[in-house]
Amino acid sequence: GAVVSQHPSRVICKSGTSVKIECRSLDFQATTMFWYRQFPKKSLMLMATSNEGSKATYEQGVEKDKFLINHASLTLSTLTVTSAHPEDSSFYICSASGATNEKLFFGSGTQLSVL
Amino acid sequence: GENVEQHPSTLSVQEGDSAVIKCTYSDSASNYFPWYKQELGKGPQLIIDIRSNVGEKKDQRIAVTLNKTAKHFSLHITETQPEDSAVYFCAATAGVRGGNKLTFGTGTQLKVEL
């Protein structure tokens, strides 16, 4: 299957700082990327959908000013958690798909811990 | 919108036995049904998928069946091995027409015991 690379795998930060997570499609052009949040022993919760070159579409209840998403190229999307607080601690996962293929491939996830 | 229900939430089997996980979906427009395996601390890995024009698909020890009329699909794992232990998620989507947005089931924790 296609490869989606996500970095960092784990980050610990102080409350009030911002954290950037990168998601790259390594062997295909990802016209659409998705960002999910997952709590322990729970399913994946879609946060936002980003299409290359346009603004991200956020799911209801997700603060767009809190979770900044940039999808500047067909192979890279970034999620920035701004002014992180302990309640933002979670496992964040990205996924990507091509233009005509509905298959979604996931990154390895980022465990964010805010102290 | 789409709603996907998944059962059971936990499943424990003996090594070598079969495991079956069932999902139902609500949106008749859904036409693509992937299954993901997620190990602790990792992202979900696509293990098999099926499109709505097919009733069954098999890949070695893994098979998926789809009943469009009843709106349910199932994952079958035969000859289970300890490395099959993980959380399995089913999902449904209307594909490109639906913006490739997946709706996930709630997950099944599969434990294969020696």
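The values are calculated or read from the model by the stated rules, or taken from the named source; none is laboratory data. Just so it is clear, the structure is predicted and the values come from calculations on it, not from any experiment. Methodologically, a virtual Cβ is constructed for each residue, glycine included, from the backbone with ideal geometry; neighbour enumeration extends over all protein chains shown. When the accessible area is computed, the model is the full protein with side chains, heavy atoms only, and any ligands, DNA or RNA have been set aside. Shrake-Rupley method; radii C 1.70, N 1.55, O 1.52, S 1.80 Å.
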- Query: Among (1) open to solvent by 20 Å² or more (accessible area, probe 1.4 Å); (2) touching a Ser or Thr at 6+ places or on another chain (Cβ under 8 Å); (3) within 24 Å of B:Thr106 (Cα to Cα); (4) away from chain B (no Cβ under 12 Å), which single condition is A:Leu112 missing?
  - Reply: (1)
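Residue-by-condition table, conditions (1) within 14 Å of another protein chain (Cβ to nearest Cβ); (2) more than 18 Å from B:Gly99 (Cα to Cα); (3) surrounded by 13 or more Cβ atoms within 10 Å (Cβ to Cβ); (4) in contact with a Gly (Cβ under 6 Å, 6 or more places away or on another chain):
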site	(1), (2), (3), (4)
B:Asp27	no, no, yes, no
B:Tyr32	yes, no, yes, yes
B:Tyr36	yes, yes, yes, no
B:Gly41	yes, yes, no, no
B:Ile47	yes, yes, yes, no
B:Ser52	yes, no, yes, no
B:Lys57	yes, yes, yes, no
B:Asn67	no, yes, no, no
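When the stretch B:1-19 is examined, which residues are found to be of a type outside the set (S, T, N, Q), open to solvent by 60 Å² or more (accessible area, probe 1.4 Å) and more than 21 Å from A:Phe34 (Cα to Cα)? It would help to see each step written out before you state the result.
Step one: of the stretch B:1-19, the residues of a type outside the set (S, T, N, Q) are B:1-2, B:4-5, B:7-8, B:11, B:13, B:15-17, B:19.
Those left that are additionally open to solvent by 60 Å² or more (accessible area, probe 1.4 Å): B:1, B:5, B:7, B:15, B:17.
If the condition is that a residue be of a type outside the set (S, T, N, Q), open to solvent by 60 Å² or more (accessible area, probe 1.4 Å) and more than 21 Å from A:Phe34 (Cα to Cα), then B:Glu5, B:His7, B:Glu15, B:Asp17 are the ones that fit.
Any idea how many residues of the stretch A:1-10 are outside any strand (DSSP E or B) and touching a Leu at 6+ places or on another chain (Cβ under 7 Å)? Spell out how you get there, then give the answer.
Here is the first cut: in the stretch A:1-10, the residues outside any strand (DSSP E or B) are A:1-3, A:8-9.
From what is left, the residues that are touching a Leu at 6+ places or on another chain (Cβ under 7 Å) are A:1, A:3.
Looking only at that region, the number is 2.
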- Query: How do the pairs read when you match residues in the stretch B:1-20 that are closer than 11 Å to B:Gly107 by Cα and modelled with pLDDT under 95 with residues anywhere that are of a type outside the set (S, T, N, Q) and open to solvent by 80 Å² or more (accessible area, probe 1.4 Å), using Cβ under 8 Å and keeping only pairs 6 or more apart or on different chains?
  - Reply: none
- Item | For B:Tyr88: the one exception among (1) at pLDDT 95 or above; (2) within 29 Å of A:Gln6 (Cα to Cα); (3) open to solvent by 40 Å² or more (accessible area, probe 1.4 Å) | (3)
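Evaluate the following for A:Asp65: is it open to solvent by less than 60 Å² (accessible area, probe 1.4 Å) and not polar (S, T, N, Q)?
Details: open to solvent by less than 60 Å² (accessible area, probe 1.4 Å): no; not polar (S, T, N, Q): yes.
No, not satisfied.
Residue check: is B:Ile62 modelled with pLDDT of 95 or more, away from every other protein chain (no Cβ under 12 Å) and open to solvent by less than 70 Å² (accessible area, probe 1.4 Å)? Full working, then the answer.
On the way: modelled with pLDDT of 95 or more: yes; away from every other protein chain (no Cβ under 12 Å): yes; open to solvent by less than 70 Å² (accessible area, probe 1.4 Å): yes.
Yes.
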- Query: Out of (1) within 13 Å of chain B (Cβ to nearest Cβ); (2) crowded, with 16+ Cβ neighbours inside 10 Å; (3) more than 21 Å from B:Ile47 (Cα to Cα); (4) without any contact (Cβ under 8 Å) to a residue 60 or more places away in the chain, the odd one out for A:Ile21 is which?
  - Reply: (4)
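In the list A:Thr31, A:Thr49, which residue meets the criterion of being under 13 Å from the mean Cα position of the chain (by Cα), within 12 Å of another protein chain (Cβ to nearest Cβ) and open to solvent by less than 80 Å² (accessible area, probe 1.4 Å)? It would help to see each step written out before you state the result.
Numbers: A:Thr31 fails: under 13 Å from the mean Cα position of the chain (by Cα).
Answer to the selection: A:Thr49.
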- How about the stretch A:11-115: which strands (runs of 3 or more DSSP E) wholly inside it have at least 1 residues that are among the aromatic types (Phe, Trp, Tyr)? A:32-38, A:67-73, A:90-97
- Consider A:Cys94 against the criteria (1) away from chain B (no Cβ under 13 Å); (2) under 19 Å from B:Thr103 (Cα atoms): it satisfies all of them except one. Which criterion is unmet? (1)
